[in-house]
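Student: Here it is, the structure in full.
Derivation of every value follows stated rules applied to the coordinates shown; laboratory data play no part. Computed from a prediction, not measured in an experiment: that's the story for all the values here. Cβ placement follows ideal geometry from the backbone for every residue including glycine, while neighbour counts extend to all protein chains displayed.
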Amino acid sequence: MEGQEKKSFFVNMRKDSGELRFVIALFFVILAGGYLYVGYLLTKAGTSGEWTIVSTFKGWTLYITSVSPALFVILLGVVVLKGLPRVFERL
């Protein structure tokens, strides 16, 4: 056993290992859960506002205006969760 160094948890993971998939899934769930919780708090507080988002990407134009900030944050959380299977497909 001499001469063998114990490697850290993250260094020893392979791309197809269950541990890596668990860490990625945990990260996505915590991030999306944070978005959903903040959206809930914003809804509970009754926030509203007048704002506009205009963005262009690859010929598509995104135009969002006067959407409740809480609803927008909740939708971001859902988008993060929907992206999780695609991450696993590309591992």
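Student: I'd like the FRET efficiency for Ile64 and Arg86, computed as 1/(1 + (r/R0)^6) with the beta carbon distance as r and R0 of 25 Å, rounded to 0.05. Let's see the in-between values first.
Tutor: Working: r = 23 Å, r/R0 = 0.92.
That gives a FRET efficiency of 0.65.
Student: Another one. Output the peptides 21-31, 50-60, 70-80 sorted from most to least packed, where packing is the average of other Cβ atoms within 10 Å over each peptide's residues.
Tutor: Numbers: 21-31: 13.0, 50-60: 7.7, 70-80: 16.0.
By packing density, highest mean first, the sequence is 70-80, 21-31, 50-60.
Student: Just grab the label-to-label distance for Val78 and Leu41, each label 7 Å out from Cα along the Cβ direction, in nm (one decimal).
Tutor: Simple spin-label model gives 2.2 nm for this pair.
Student: Against the globular-protein guess of 2.2 N^0.38 Å, express the Cα radius of gyration of region 18-89 as a ratio, rounded to two decimals. Intermediate values should be presented prior to the final figure.
Tutor: Numbers: Rg = 14.9 Å, N = 72, 2.2 N^0.38 = 11.2 Å.
Scaled against compact globular proteins, the figure is 1.34.
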